[in-house]
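The values are calculated or read from the model by the stated rules, or taken from the named source; none is laboratory data. Remember, predicted model here, so these are calculated numbers, not experimental data. FYI the Cβ positions are ideal-geometry reconstructions off the backbone, even for glycines, and counts take in every protein chain you see.
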Amino acid sequence: MGVPKKRTSISKKAIRKNIWKRKGYLSYLKALSLGKSLLTENSKSFFIRKKNKKYLK
């Protein structure tokens, strides 16, 4: 099993942590955007089947 010989610098650790946080933030933005577009019915990537009142009974 490989073991690092030297300690990782604080700046390199901070860079990696920020990259990890940014990935989460970008996926949050995508999900929020998709949710908004579904609510306003402007979505171009999702198709929502609308319930027909005639067939509800």
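Some points to look at:
- Counting only residues that are surrounded by fewer than 11 Cβ atoms within 10 Å (Cβ to Cβ) and among the polar types (S, T, N, Q), the range 19-39 holds 1 of them.
- Residue that is nearest to the chain's Cα centre (by Cα), among those in the range 6-40 that are at pLDDT 90 or above and among the charged types (D, E, K, R): Lys30
- Flag for Lys44 being part of a helix (DSSP H, G or I), at pLDDT below 80 and either at negative phi or in contact with a Phe, Trp or Tyr (Cβ under 7 Å, 6 or more places away or on another chain) (or both): no
- Taken over the range 1-20, residues that are part of a loop (DSSP other than H, G, I, E, B) and aliphatic (A, V, I, L, M) amount to 2.
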